[in-house]
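Enquirer: I have a structure I would like to understand better, so I am pasting it below and will then ask my questions one at a time.
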Amino acid sequence: MLALPASADEARRSGYDFMSRATRAMQDEDAANTGMLWVKDGEALWNGKAGGANRACADCHGDAVASMKGVATRYPAFDARMRRPVSLEQRINLCRTEKQKATPLAHEGPDLLALSAYIGMQSRGMPIAIVMDENTKPFLEAGRETFNRRQGQLNLSCAQCHEDNWGRKLAGNPITQAHPTGYPLYRLEWQGVGSLQRRLRNCLVGTRTQAYAYGAPEFVDLELFLMWRANGMTLETPAVRP
Amino acid sequence: MARTLITFPANARRGEIIEVKAIVAHEMETGFRHTQLGEAIPRDIITHFTCGYNGVEVFSATFYPAIAANPFISFSTVATESGTLSFNWIGDNGFSVTETAAISVS
C-alpha cells in the first residue's frame, strides 16, 4: 500500500539522489545545464506576440518571474470549464487557443517544451503543492488506480518497481521512486528536453503496454497522482536526468 | 531561437584566470545510422569550435561523430584586456553560429 506523503517525508527521494556526481553537477549549475537552452527559448516565446489576437503571454501575465512563481507546483490543476484537471502543457494551449487565438502547440514539440520549461523554472526550489479536494479527488484516485494496476505484456504495475523495488537496479540503472520533481527535464538518453508524459510513455513501452496518447485523460490523471504523491518535495525544473 | 548559452565573469582583474563555459544547441547526427529502409542518414555534426579574445584565438576544438548533442565546452583563459570574446561553431551543411560577449578587465 502507498504511504501518505506527509508521513513518508524522510523516505522519499528525488531522482536526483540516484544520479552520479557528474550528472548532478550538470543540474546544479545553470551554465552547465543544457535544459537552460529550452528555458531561454521559452523566455523568448513568452515575450513574443502570437496568434490572431497578436498578444504575447507577457501582455496578460506580465513578468513570468513574478506571475508564474509557484504555478508549476500546482499542476495538473482542476479546470472548472473542462470539468477535469489539466496539465501545465494543456493550460498553455488553452491560453493560446482562447486568449491568443493561435493554433495549439504540438505536445513534445520544441515550443511547448520551451514554454513549460520556462514557466516551470519560475517555481524552482518551491515545494510541490497539489490540492486534493472534491474536484480533483476522483481523478487523483483514477491515477492511483493506474499506478497500482498491473498492465502490459509483462503484467507489471508502476508500484511493483517504484514502490516495492526502488533503490535496486534494472538493467544497470537504479530504480527510482518515480517522483516527478523536475519536469520538463533534460534527459541525457534523449539528448533533449522531454515532458513527464514522454517519460511515462517510456515506462509503458518498457512494460509492453499500449501507451496513451499525449494529453490523454489517463496520462493527466496519472500525472496528477504522481505530483500529489510528491507533495512537499522540491521542484527542480529544469532538472537533468541520465 | 536562442541557441547558445555562454557564461564567464563579466568583470575580471588583469592577469586573472577566468573560466569560460559555452553550450550550443545541435542535434548531432553521426552519419553511422540508417533508416528502416537501409538508407544511410547523412552526417550532420559540428566540426569546429573557436573562441577569439579581441580577435586572437585563445581556444579551439575539433569535434568528431561521437560528440553528444548540445555540447558543453569549458576552458580557461587569462583576462588580459577589456574587449570582446567571440565564439564560433561551424559544422556540416553550412552550420555556423557566432556569438560575442563583452568582458571588462581592470
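The values are calculated or read from the model by the stated rules, or taken from the named source; none is laboratory data. These figures come from a predicted structure and were not determined experimentally. Using ideal geometry, Cβ is built from the backbone for each residue, glycine included, and neighbour counts are taken over all protein chains shown. Heavy atoms of the whole protein, side chains included, go into the accessibility calculation; ligands, DNA and RNA do not. Shrake-Rupley method; radii C 1.70, N 1.55, O 1.52, S 1.80 Å.
Enquirer: Let me check I've understood the local charge: for B:GLU29, count other residues with C-beta under 14 angstrom from its C-beta, Lys and Arg +1, Asp and Glu -1. What total comes out?
Expert: Cβ neighbours under 14 Å give a net charge of -2.
Enquirer: Around B:PRO42, with a cut-off of 15 angstrom between Cβ atoms, what is the net charge of the other residues, counting Lys and Arg +1 and Asp and Glu -1?
Expert: Cβ neighbours under 15 Å give a net charge of -3.
Enquirer: Could you tell me the number of lysine pairs in the protein assembly as shown with C-alpha atoms less than 21 Å from each other, where the two lysines are 8 or more residues apart or belong to different chains?
Expert: Qualifying lysine pairs in the protein assembly as shown: 6.
Enquirer: Next question. In vacuo Debye scattering of the range B:4-105, one point per C-alpha: log10 I(q)/I(0) at q = 0.14 Å⁻¹?
Expert: With one equal scatterer per Cα and no solvent, log10 I(q)/I(0) is -0.57.
Enquirer: Now a separate question. Considering only protein heavy atoms, with the full assembly of protein chains and a 1.4 angstrom probe, order B:PHE32, B:PHE49 by accessible area, largest first.
Expert: Descending accessible area places them as B:PHE32, B:PHE49.
Enquirer: So, one more: Assign one of three labels to the range A:163-215, namely rounded, prolate or oblate, based on the Cα gyration tensor with a ≥ b ≥ c the square roots of its eigenvalues; rounded applies when a/c is under 1.5, prolate when it is not and a/b is larger than b/c, and oblate otherwise.
Expert: oblate
Enquirer: Still on this structure: Against the longest alpha carbon principal axis of chain A, how many degrees, from 0 to 90 and to the nearest 10, is the axis of helix A:196-206 turned?
Expert: 40
Enquirer: For A:ALA50, enumerate residues with amide H under 5 Å from its amide H, sequence gap 5+ or separate chain, H modeled in the peptide plane.
Expert: A:ARG55, A:ALA56
Enquirer: Still on this structure: In terms of modelled amide H atoms, which long-range or inter-chain residues lie less than 5 Å from the amide H of A:GLY192?
Expert: For A:GLY192, the qualifying residues are A:ARG187.
Enquirer: Moving on to the next point. Over chain B, calculate the relative contact order: mean separation of alpha carbon pairs under 8 Å at least 6 apart, over the residue count, as a percent.
Expert: 32
Enquirer: Using amide H atoms built 1.01 Å from N in the peptide plane, name the residues 5+ places from A:LEU156, or on other chains, whose amide H lies under 5 Å from its own.
Expert: It is A:GLN151, by chain and number.
Enquirer: Ignoring ligands, DNA and RNA, please state the percent of accessible area on chain A from carbon and sulfur, probe 1.4 Å.
Expert: Answer for chain A is 53 percent, counting heavy atoms of protein chains only.
Enquirer: Along the Cα→Cβ direction, 7 angstrom out, place labels at A:GLU218 and A:ALA56. What is the inter-label distance in nm?
Expert: Going from the A:GLU218 label point to the A:ALA56 one covers 4.1 nm.
Enquirer: Still on this structure, please answer the following. Which whole-Hz ³J(HN,Hα) couplings does the range B:100-106 yield from phi under the Karplus relation 6.51 cos²θ - 1.76 cosθ + 1.60, θ = phi - 60°, glycine and proline marked x?
Expert: The phi angles translate into 10, 8, 8, 10, 10, 10, 10 Hz.
Enquirer: Antiparallel versus total DSSP beta bridges in the range A:131-241: what percent is that, nearest 5?
Expert: Around 75 percent of the beta bridges assigned by DSSP in the range A:131-241 are antiparallel ones.
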